[in-house]
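Values quoted throughout were computed directly from the atomic coordinates according to the rules given, and no laboratory measurement underlies them. Just so it is clear, the model here is predicted, and its values are computed rather than measured. Here Cβ is always computed from backbone atoms with ideal geometry, including for glycine, and neighbour counts include all displayed protein chains.
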Amino acid sequence: MSSATPNRDLLVEANRLEAAAIEAGEEGATGRQLRGQAAALRVHALGERVYPVLVCRACFQLTGWLDGDGRCDSCLRRVQRQAAYSDPHGGWVRVEDERAQPLRPKPANVPLRSRLAALRHPREAHRRALVAAWMAHVRPDETGPIDPEDGYELEIAKRNELDAADGSGKLVRFHTSSYRFSNGDWAELDSTTISRRDLVVPPEFPASLPTEQLLEAWGDYKAAVDAINRTAWSEQSERREQQRQAQAAHEDTVREQRDVIQLLDEN
């Protein structure tokens, strides 16, 4: 699996060009030129990969799959929906849910010895189960707090398989979902804080790619999501420390002011 990370300087310049494209009008000649330049920088920033890194001619997003007209799957589906809606002789337009359906976890096969120990020491068993659930998605003090914390949220990379919009075969698609830790387990939310532009690694590939290419793409995608989680926790951890220091300073001030009255002699 590749350990190379995208060139951040090139990504910053790509973001600047995309912002300039919005100012100029994204679909105008100047805007499309700027978006094309930004996409080229993103490809260059990602560097050489064993899997395909292509640019959609419609949205200028990086992808690993294009149809015969150079469009990514998302853009092709959007064109198909618009055509279906505008067809005066068309009937009911079916909008398929392309999101991955959550899999029901298989019940854990807990050894008899562990079950007996849990009966004898329920509090310790609960604590261990809580920590195990927490560490399923968090590396303590790297992507989240050290101890399990109700309400903490982070992003998790997901994958699913679907039919390509042009019917040419199957696609493997990557995406992200926000998860919240609550009542000792992680719950998937109906949203994500990560936009497609936040991740340079293409999110879709033909399922016909060699397995090693798909594995490397999936590894790079997860690493990119992991980096976002690390940055988010680093910023949040710093804010918490600043708040802790401010609260401690406030408490010291209040304590010192409370003791002043003792210096005043009523006689």
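Footprinting exposure proxy ranking of 146, 156, fewest other C-beta atoms within 10 angstrom first, gives 146, 156. This ranking places 234, 195 by how few other beta-carbon atoms lie within 10 Å of each, fewest first, which gives 195, 234. Using a simple spin-label model with pseudo-atoms 7 Å out from Cα toward Cβ, residue 230 and residue 132 lie 2.8 nm apart.
Counted by neighbouring Cβ atoms within 10 Å, the residues 254, 79, 55 run from fewest to most as 254, 79, 55. Averaged over residues, the count of other Cβ atoms within 10 Å places the peptides 158-164, 173-179 in the sequence 173-179, 158-164, highest first.
Positive contributions from Lys and Arg (+1) and negative ones from Asp and Glu (-1), summed over other residues with Cβ under 12 Å from the Cβ of residue 155, come out at 0. What residues from the stretch 226-250 fall in the zone where the backbone N is under 20 Å from a label point 7 Å along the Cα-to-C-beta line of residue 139? Of the residues in the stretch 226-250, 226-238 have backbone N under 20 Å from the label point off residue 139.
Taken along its principal axes, the alpha carbon cloud of the stretch 113-253 reaches lengths of 67, 48, 26 Å, longest axis first. Comparing 172, 228, 182 along the charge dipole axis of the stretch 113-253, the residue lying farthest to the positive side is 182, per the Cβ-charge model.
The residue list 210, 137, 157 was ranked by how far each Cα lies along the charge dipole of the stretch 113-253 toward its positive end, using unit charges on Cβ atoms, and 137 comes out on top.
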